[in-house]
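Chemist: Dropping a structure here in structure tokens format, bear with me for questions.
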Amino acid sequence: VQPEYWERFEDAFATEANEFCERVLEDKPVPLPLELGLKSLEIGWALQEALLSGKTVHFDQNGKRLDGGERAAKL
């Protein structure tokens with residue numbers, strides 16, 4: 001990740017982390033469901049894998065990751 005990325009979004013990351021911790025510590029509901037956070041991580045990991053490998057990563061319409069065989073079978 002380029003340093004400019006972190007510099008640009010550093011305050012937003014800190015604010016998000018602080019708000020999340022505050023809600024957990026005070027037993028308040030978090031603004032988004034955990035599943036959405038997990039899906040964001042899956043997408044981020046897939047993007048990183050694609051960047052490092054040079055290969056495309058595919059998901060179905062429900063957000064389930066497809067490997068080459070599953071993708072070919074669906075086409």
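Chemist: Among the residues of region 15-29, is there at least one that is at pLDDT below 85 and not hydroxyl-bearing (Ser, Thr, Tyr)?
Modeler: Scanning region 15-29, I find no residue that is at pLDDT below 85 and not hydroxyl-bearing (Ser, Thr, Tyr), so the answer is no.
Chemist: Looking at this structure, is PHE59 under 28 Å from GLN2 (Cα atoms) and touching a strand residue (DSSP E or B) at 6+ places or on another chain (Cβ under 8 Å)?
Modeler: So PHE59 passes the test.
Chemist: Taking into account only those residues within region 51-69 that are part of a helix (DSSP H, G or I) and more than 25 Å from GLY37 (Cβ to Cβ), which is modelled with the highest pLDDT?
Modeler: My answer is GLY68.
Yes/no per residue for (1) open to solvent by 80 Å² or more (accessible area, probe 1.4 Å); (2) aromatic (Phe, Trp, Tyr); (3) closer than 30 Å to ASP67 by Cβ:
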| residue | (1), (2), (3) |
| --- | --- |
| GLU7 | yes, no, no |
| ALA12 | no, no, no |
| THR15 | no, no, no |
| GLU22 | yes, no, no |
| ASP27 | yes, no, no |
| LEU34 | yes, no, yes |
| ILE43 | no, no, yes |
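The values are calculated or read from the model by the stated rules, or taken from the named source; none is laboratory data. If you're wondering where the values come from, they're calculated on a predicted model, not measured in any experiment. Heads up, the Cβs are rebuilt from the backbone with ideal geometry, glycines too, and the neighbour counts pull from every protein chain shown. Just the protein is used for accessible areas: all its heavy atoms, side chains included, with ligands, DNA and RNA removed. Shrake-Rupley method; radii C 1.70, N 1.55, O 1.52, S 1.80 Å.
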